[in-house]
Amino acid sequence: MKMPTAFESFFLEMGRFFQLVGRIFAWTPRPPYDVRELFRQMVKVGFNSIPVVLLTAMFTGMVMALQMFTVLRRINAESFVGSGVSLSMVRELAPVLSGLIVAGRAGSAMGAELGTMRVTEQIDALEVMATDPVHYLVVPRVWATTIMLPLLVVMANGVGILGGYLVAVVLMGANPVSYTDRSFQFMDLNDVFSGLIKAAVFGFLMAAIGCQQGFYTSGGAEGVGRATTAAVVVASIAILVSDFFLTRLLF
Amino acid sequence: MPDFLRPEQVKIRIRDLYKSFGPKLVLDGTNLEVAAGESLVIIGGSGTGKSVLLKHIIGLLRPDSGTVEVDGVAVERLGNREITEFRRKFGMSFQEGALFDSMTIWQNVAFPLQRLKKMSRGEIDERVKECLAMVRLEGVEEKLPSQLSGGMRRRVGFARAVAHSPEILLFDEPTTGLDPVTTALVDEVIVDLNDRLKTTTVTITHDMASAFRIGDRVAMINKGQIIASAPPEEFKRLEDPRVQQFIHGDAEGPLSDESGARTGPGRPATPSR
């Protein structure tokens, strides 16, 4: 058999991905419901990502305030810095950056974990003991990530806006009251919700991709390394590409 | 083939099994029968299709053609739900133990009981202790697999495989990579399990000493076909030069000539389904 070309393996991967997604939805409603495992994954993916997500959001908000000042001053619109920071955080930056960060942290961990289980035959062992590995391993990971990423984004929104406020008010001497007013003046609930929908989709994608890469690992330690890298790279690309289409669709 | 077997004694019947991975033909019309209660050892060099054959018996791999019948049921025709039910008959131990490394030893051995049996916590606890005692391990329940030696991990794997009292036990290279003393201990445990539990046992190995200790019958697989099969004492005296080369571990011989032409990718880790 000749090696599949890049073109062929792209479709092979896509096929496997949609097959996995199908199995995730087929298995989700079936008992036993492993609530404890779901909770464990939520802690691992969500709770443990809080520091790094908030740090990212804080600095992004701060940088955005600096940039907005520089740009908006040129058209004498400094008073809109607050609006610019908060809208770009909520609509775009918090979901995408949190998604990329969590993909690097949790998506890669899923690839490595499931990949190791595959090459050490632990996944075969599950099947032998009448346990579907998708049901047991993938379903809790995917839903935990889908639930937790929007929650992380809610926090990131708040902290990002706070970061912008601090830079504007403390560093640039903006009026605290009017800055705060401007921050929320043009924002409606749709802005927030569409950001959270994005986050949920990113969460689902990255977990499914991370698990897929791990699940189809072959070739020992080197294979696990490849799966881990691929989990991050493919998930990041999926986030960036789907971000465009979601934005087109939602706004 | 043991044509002395009456049909009702046959536990596993493998007929004309073919399987290839890409260009590599791994099983080339394999035929094999295993009697109920028998301990069969399958020997053969690396990459001759031993593990692949074992994975067909339990339905982890699907054949390209041919059938595997267990108690008269064709494994390859079972749907996903049926195969789950079917696998209750089996206990399988994997090459490196394949213990779940995020779980304690207790949780590992209790896993099949929780998934396959309706037992109370107390009953499970008792059964886990019993199974660990059977493989001569005690006081390791709260340890993690990474805290045990290789030989101990294998034995925990056996305990997990026998926990739900399966009718058929499959051992995939139980002693590979273990020192001779631990190997002897592991062999003893397998013989013991087969005697005590009256299970049908299929073990694959390339360790000749182990094979003769464990097996009621030894079969040799080469190039995806069973080329010889006999009780241990008889097997040692078989005149087939391939068998003799394997028993004596000679570098030169008919097997070496063949294996040179058959290099290829190793056993794929991914099931083809």
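The values are calculated or read from the model by the stated rules, or taken from the named source; none is laboratory data. Only a predicted model underlies this, so the values are computations on that prediction, with no experimental measurement involved. Positions of Cβ are generated from backbone atoms using ideal geometry, with glycine treated the same way; all protein chains shown enter the neighbour counts.
The set of residues in the stretch A:68-100 being surrounded by fewer than 24 Cβ atoms within 10 Å (Cβ to Cβ), of a type outside the set (Val, Ile, Thr) and under 22 Å from A:VAL192 (Cβ atoms) consists of A:MET68, A:PHE80, A:SER83, A:GLY84, A:LEU87, A:SER88, A:ARG91, A:GLU92, A:LEU93, A:LEU97, A:LEU100.
Could we say that A:SER218 is in a loop (DSSP other than H, G, I, E, B) and among the hydroxyl-bearing types (Ser, Thr, Tyr) here? So A:SER218 fits the description; yes. Out of the residues in the stretch B:43-67 that are among the polar types (S, T, N, Q) and under 22 Å from B:ARG81 (Cα atoms), state the one that is farthest from the chain's Cα centre (by Cα). My answer is B:SER65. Annotation: of all residues in the stretch A:86-134 being touching a residue at least 60 places away in the same chain (Cβ under 8 Å) and of a type in the set (Ser, Thr, Tyr), the one that is farthest from the other protein chains (Cβ to nearest Cβ) is A:SER86. Annotation note: Cβ proximity below 7 Å between a residue of the stretch B:232-247 that is under 12 Å from B:ALA219 (Cβ atoms) and a residue that is at pLDDT 85 or above and part of a helix (DSSP H, G or I) (sequence gap 6+ or interchain) occurs for B:PRO232/B:PHE212. Is there a residue in the stretch B:239-261 that is farther than 19 Å from B:GLY45 by Cα, at pLDDT below 85, of a type in the set (A, V, I, L, M, F, W, C) and in contact with a helix residue (DSSP H, G or I) (Cβ under 8 Å, 6 or more places away or on another chain)? Within the stretch B:239-261, not a single residue is farther than 19 Å from B:GLY45 by Cα, at pLDDT below 85, of a type in the set (A, V, I, L, M, F, W, C) and in contact with a helix residue (DSSP H, G or I) (Cβ under 8 Å, 6 or more places away or on another chain). In the stretch A:46-161, counting only helices (runs of 4 or more DSSP H) that sit wholly within it, the ones holding 3 or more residues that are at pLDDT below 95, within 28 Å of A:LEU189 (Cα to Cα) and more than 13 Å from the chain's Cα centre (by Cα) span A:50-73, A:81-88. The combined condition, being within 14 Å of chain B (Cβ to nearest Cβ) and of a type in the set (A, V, I, L, M, F, W, C), is fulfilled by A:LEU137. Applying a threshold of 7 Å to beta carbon distances and a minimum spacing of six or more residues, or different chains, the list of pairs starting in the stretch A:235-251 at a residue that is more than 14 Å from A:GLY99 (Cβ to Cβ) and ending at one that is polar (S, T, N, Q) reads A:LEU250/A:SER194; A:PHE251/A:SER194. Restricting B:GLY59, B:GLY91 to residues that are within 9 Å of chain A (Cβ to nearest Cβ), assigned to a loop (DSSP other than H, G, I, E, B) and at pLDDT 85 or above narrows the list to B:GLY59. On the stretch given as the stretch B:133-174, residues that are of a type outside the set (D, E, K, R), part of a loop (DSSP other than H, G, I, E, B) and closer than 30 Å to B:GLY45 by Cβ total 5.
So if I check each of B:ARG15, B:ARG81, which one is more than 13 Å from chain A (Cβ to nearest Cβ), of a type in the set (Lys, Arg) and either surrounded by fewer than 23 Cβ atoms within 10 Å (Cβ to Cβ) or more than 17 Å from B:ALA161 (Cα to Cα) (or both)? Checking each option against the conditions leaves just B:ARG15.
Of all residue pairs spaced 6 or more apart or on separate chains, those with beta-carbon atoms under 7 Å, a first member in the stretch B:79-93 that is within 23 Å of B:ASN108 (Cβ to Cβ) and a second member that is surrounded by fewer than 23 Cβ atoms within 10 Å (Cβ to Cβ) and at pLDDT below 85 are B:THR84/A:ALA130; B:ARG87/A:ALA130; B:ARG88/A:ALA130; B:ARG88/B:LEU116.
When we screen A:THR5, A:THR56 for residues that are more than 14 Å from chain B (Cβ to nearest Cβ), polar (S, T, N, Q) and either touching a residue at least 12 places away in the same chain (Cβ under 8 Å) or under 30 Å from A:SER183 (Cβ atoms) (or both), the only hit is A:THR56. One residue stands out in the stretch B:99-114 among those that are in contact with a Leu (Cβ under 9 Å, 6 or more places away or on another chain) and within 14 Å of another protein chain (Cβ to nearest Cβ): the one that is nearest to B:GLU173 (Cα to Cα), namely B:LEU99.
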